[in-house]
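Engineer: Next up is a structure, given as structure tokens.
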Amino acid sequence: MQILIVEDERLIAQTIADLLETQGDQATLALDGPSGLQAGLENRWDAIILDVMLPGMDGFQILRTLRARGIITPVLMLTARTQVEDRVEGLDSGADYYLTKPFSGQELLACLRAITRRPGPVRENVLSFGDLRLELSSCLLTCGGKSVRLSRKEFEILGMLLSQPDRVVSKEDILRRAWGPGSEADGGSVEVYISFLRKKLQHLGSRCVIRTLRTLGYRLEWGAEP
Ligand code: CA
């Protein structure tokens, strides 16, 4: 598994990384809040181990931001503080588990195993980002209380954008995926479907927008004014 460790105490971070590597996992370290958030937003981790007290931005704030951006990676929070309120705040911000320092290596591994094998209908059947949820079985796109059904091509295209938010998806990739290899469709067809999707996002009142990046492709971004 690819695991992100956000922890400013270098010794603890390195000890955890070494422990994970003996298990065959790959660990990446972030040693302060802002770099932890940035790494977390890459959305390519199987789990994130997140300290609470961090320079620059605390773990609760990082976690709330990740969840608000649609990132559902399992998160194990670490803290030296033992107050019940912290624990509650951690779980309220979207943590999957909470471990109080000092903890044993075995305890940490057991927690990680527990959160990464969670049965995950959310992880498997729904793609979400920002205020959008796309149900994979029904092609239903939901935002707040409203929903619309997507056509097959709209579904393929939005699925690509939702599964890698904040990254650019090229027109060529969209053509290959939604129309299949050898199709005679061209970039103009992609533009037409992108405009259909934009109308649907508008209709839903979503704050996600599909941004066009000239010559590069499209990117789904969160936080536009409704
Ligand atoms: Ca700390």
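The values are calculated or read from the model by the stated rules, or taken from the named source; none is laboratory data. The structure presented is a predicted model; accordingly, all values stated were derived computationally and were not measured. In this analysis, Cβ positions are derived from the backbone assuming ideal geometry, glycine residues included, and neighbour counts consider all displayed protein chains.
Engineer: With the requirement that a residue be surrounded by fewer than 19 Cβ atoms within 10 Å (Cβ to Cβ) and assigned to a helix (DSSP H, G or I), what does region 18-31 give you?
Structural biologist: Correct list: Asp18, Leu19, Glu21, Thr22.
Engineer: Residues being within 10 Å of the ligand (Cβ to nearest atom) and closer than 16 Å to Gly105 by Cα: count how many of those fall in region 10-49.
Structural biologist: So the count comes out to 2.
Engineer: Determine whether Phe155 is assigned to a loop (DSSP other than H, G, I, E, B) and touching a strand residue (DSSP E or B) at 6+ places or on another chain (Cβ under 9 Å).
Structural biologist: So Phe155 fails the test.
Engineer: Can you tell me how many residues within region 51-61 are among the aliphatic types (A, V, I, L, M) and more than 10 Å from the ligand (Cβ to nearest atom)?
Structural biologist: Of the residues in that region, 1 qualify.
Engineer: Just to be sure before I move on: is Leu99 touching a residue at least 12 places away in the same chain (Cβ under 8 Å), assigned to a strand (DSSP E or B) and over 18 Å from the mean Cα position of the chain (by Cα) in the structure I sent?
Structural biologist: yes
Residue-wise test of (1) at pLDDT 90 or above; (2) assigned by TED's automatic domain parsing to the domain that holds Lys200; (3) farther than 19 Å from Gln202 by Cα; (4) of a type in the set (Gly, Ala, Ser).
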{"residue": "Leu136", "(1), (2), (3), (4)": "no, yes, yes, no"}
{"residue": "Cys139", "(1), (2), (3), (4)": "no, yes, no, no"}
{"residue": "Thr142", "(1), (2), (3), (4)": "yes, yes, no, no"}
{"residue": "Gly145", "(1), (2), (3), (4)": "no, yes, no, yes"}
{"residue": "Arg167", "(1), (2), (3), (4)": "no, yes, yes, no"}
{"residue": "Asp173", "(1), (2), (3), (4)": "no, yes, yes, no"}
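Engineer: So, one more: Applying the selection to region 72-107, what residues are closer than 16 Å to Trp45 by Cβ, modelled with pLDDT of 75 or more and out of contact with any strand residue (DSSP E or B) (no Cβ under 6 Å at 6 or more places or on another chain)?
Structural biologist: Ile72
Engineer: Quick one: how many residues across region 127-145 are over 10 Å from Gly70 (Cβ atoms), in contact with a Lys or Arg (Cβ under 9 Å, 6 or more places away or on another chain) and not polar (S, T, N, Q)?
Structural biologist: 4
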